[in-house]
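Working notes, beginning with the structure itself.
Where a number appears in this text, it was derived from the coordinates with a stated rule and is not lab data. From a predicted model like this one, the values you see are computed outputs, not experimental measurements. Glycine gets a Cβ as well: all are built from the backbone with ideal geometry, and neighbour counts include every protein chain shown.
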Amino acid sequence: MGNQVRSMEVRLGWLGGIYDGEGSFSVTSNPASKKQRNPFGQLQPKVTIWNTDQDIINEIMSILDDQRLTYFVYTRKPPINGLSRKVGFSVEVHGMKRIVKMLPIMIPYLVGKKAKAIALYNFVSSRLSRPPQSPYSNEEIAFANSARDIPLHACPET
């Protein structure tokens with residue numbers, strides 16, 4: 001059993017390294033509809049990694065499966081115009097409950113993107129602790145901004 005635990009620690013360390021180098025911890029926004037009380041629309045957390053190496057994608061999926069984490073895989077095919085691009089693959093985890101389950105497993109193994117992952121975790125944890133249609137608090141906007149490359153503008157709480 002000890003070797004299996006150590007092996008998983010090594011694999012999670014590898015996963016943290018690959019996400020540090022090529023992954024993304026972000027919050028995207030969809031435009032606000034007239035029904036929404038949030039001027040930013042719906043903020044959606046996402047953990048993504050793109051790669052063209054099928055072996056790397058397969059190992060990521062294997063580790064996520066071993067951790068019983070739900071993810072989605074997308075394929076980006078090369079353009080038809082003949083430019084030489086490889087087929088690319090994206091492994092994405094989105095949805096508040098999925099992300100709040102994933103990040104405590106990954107955060108200890110991150111270095112460069114640890115702060116963004118923690119901010120994303122704090123944003124998701126805060127949202128899950130409130131009623132679903134609650135307006136975003138200034139604290140949640142701050143967490144989301146810490147996980148975004150382009151900041152949102154805070155508004156007064158209602």
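Need the list of aspartates and glutamates near Lys46 for cross-linking: C-alpha distance under 16 angstrom, and skip anything on the same chain fewer than eight residues off.
By straight Cα distance, Lys46 reaches Asp20, Glu22, Glu92, Glu140, Asp149.
Given charges of +1 on the Cβ of Lys and Arg and -1 on the Cβ of Asp and Glu, with all other atoms neutral, how large is the dipole of segment 2-146 about its Cα centre, in debye to the nearest 20?
On the way: 19 positive and 11 negative charges, 125 e Å.
So the magnitude is around 600 debye.
Shape of segment 2-146 from its Cα gyration tensor (a ≥ b ≥ c, root eigenvalues): rounded if a/c is under 1.5, otherwise prolate when a/b > b/c, or oblate?
Values: a/c = 2.30, a/b = 1.28, b/c = 1.79.
Oblate, since a/c reaches 1.5 and b/c is not below a/b.
Could you sort the peptides 128-135, 110-117, 68-75 by per-residue average Cβ neighbour count (10 Å cutoff), highest mean leading? Don't jump to the answer; show the numbers that get you there.
Working: 128-135: 10.5, 110-117: 17.0, 68-75: 12.4.
Order by mean packing, descending: 110-117, 68-75, 128-135.
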